[in-house]
Each structure stands twice: as C-alpha cells, then as structure tokens.
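Here the structure is laid out as structure tokens; the discussion comes afterwards.
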Amino acid sequence: MRQFNTMPLRPIDAIFIHPKRRLYVVYYRGELWQLPRMKIDHQSWQNRQPYKDDSRGLYLSIHQAISDPILAQKLRTLNLPMAVRGSTLSRFEAWWETHGFEWLKDKLSAGQSPLAAHQTSTKMIDNQPSSPSNYLSALASSNNTTAHKNPEQTDIFSDMLADLADEVLHQPL
C-alpha cells in the first residue's frame, strides 16, 4: 500500500481508472483499493480489494463526483483542477504534495466547495459573501433539483464541506 509521509493534510480520496483492465481503483487516504466492477457505489466499495498491481497503469478519472450518497459520505473526493485529471498516479501525488494544501485553502477562502459532490448536486448562489460558512448557508437554502429529490443528501454534503473547511482553515502554518 502507498502512504503519504509529507502531507500537510490527511491524504486525499480520488478515483483512478485502469483503462486496460477496465476497472476503478480508489485512492483512499493514501491506499489503493480496487473495485470489483466499473461502478462506483456502496456495494462495490463493500467488495473492494487492495490494489497490488503496477500503479503505472492508473490514471486520475475525469469524473470525481460520487452519486451514491452513502458512499459519498465515506469517500470525500474533490473537484480537482482539469490540468490534473487524466494524470498518472505519480504525477497526481507530486501535484497534491506540492499544491494540494494551497489549492484547498484558495477554494475555501473564495467560498467555493472543493468537494466533487457539490459540482453535480448544488450551485453557488450569486451575490453571497465569500466565506465557507456563507457557502454552507447558501447550500442549505438552495433549491436545486437534487435537494428536492433527496433533502438528506444536501445535509451530508454540507457536513462534508464543513469538516474539510475546518481542517484546512485551522491548519497550523
């Protein structure tokens, strides 16, 4: 298993694809887990196995959002910059170690959610002051279609963002 040793934050959760073997590999807190099929949901996560093959064949998925609300509580994938998506595992790790903390801090300082789940389930409300707490207020009051389908899902993502904002904004320098 791979582990980060120099991370200023806890390791990231990210979704990788092995295109030749046609499977997902989840980078969960610095460890690689292979899912049994090309579906990312709670059932697949329950049946995961440690990934032991060559990691040079893994590429960061373009899609980091997890639609399964149960799995989204466990895997807090981020809406990573487009320039990083599609990169190899080693290139991604180098970017995360070098730029990850500042990227998270900049997102949260601007009042933007770094969570991939928010990119598909919510929209920023215009004219809101830029702070994580105001973003959470806007998130809670937004009336988008996902919130109407499953009100609990908005609360889950709000809790995830609050935890992440607290972790980044209160990180000692």
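The values are calculated or read from the model by the stated rules, or taken from the named source; none is laboratory data. Being a predicted model, the structure only gives us computed values, none of them experimental. Cβ sites come from the backbone with ideal geometry, for glycine too, and all protein chains shown count toward neighbours.
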Notebook entry, point to check: Do we find a residue being farther than 20 Å from A117 by Cα, touching a helix residue (DSSP H, G or I) at 6+ places or on another chain (Cβ under 7 Å) and basic (K, R) anywhere in the range 15-24?
Noted result: yes
Next item on the list: Run down Q73, Q43 and say which single residue is on the phi < 0 side of the Ramachandran plot and at pLDDT 90 or above.
Entry: Q43
Notebook entry, point to check: Pick from the range 98-121 the residues that are in contact with a Ser or Thr (Cβ under 6 Å, 6 or more places away or on another chain) and either buried (at least 17 other Cβ atoms within 10 Å of the Cβ) or of a type in the set (D, E) (or both): which of them is modelled with the lowest pLDDT?
Noted result: S121
Notebook entry, point to check: Is it the case that Q49 is over 17 Å from the mean Cα position of the chain (by Cα) and over 16 Å from D13 (Cβ atoms)?
Noted result: yes
Notebook entry, point to check: So which pairs qualify, if the first residue must be in the range 11-37 and at negative phi and surrounded by 14 or more Cβ atoms within 10 Å (Cβ to Cβ), the second must be assigned to a strand (DSSP E or B) and of a type in the set (G, A, S), the Cβ gap must be under 7 Å, and the two must be at least 6 apart or on different chains?
Noted result: Y27/A14
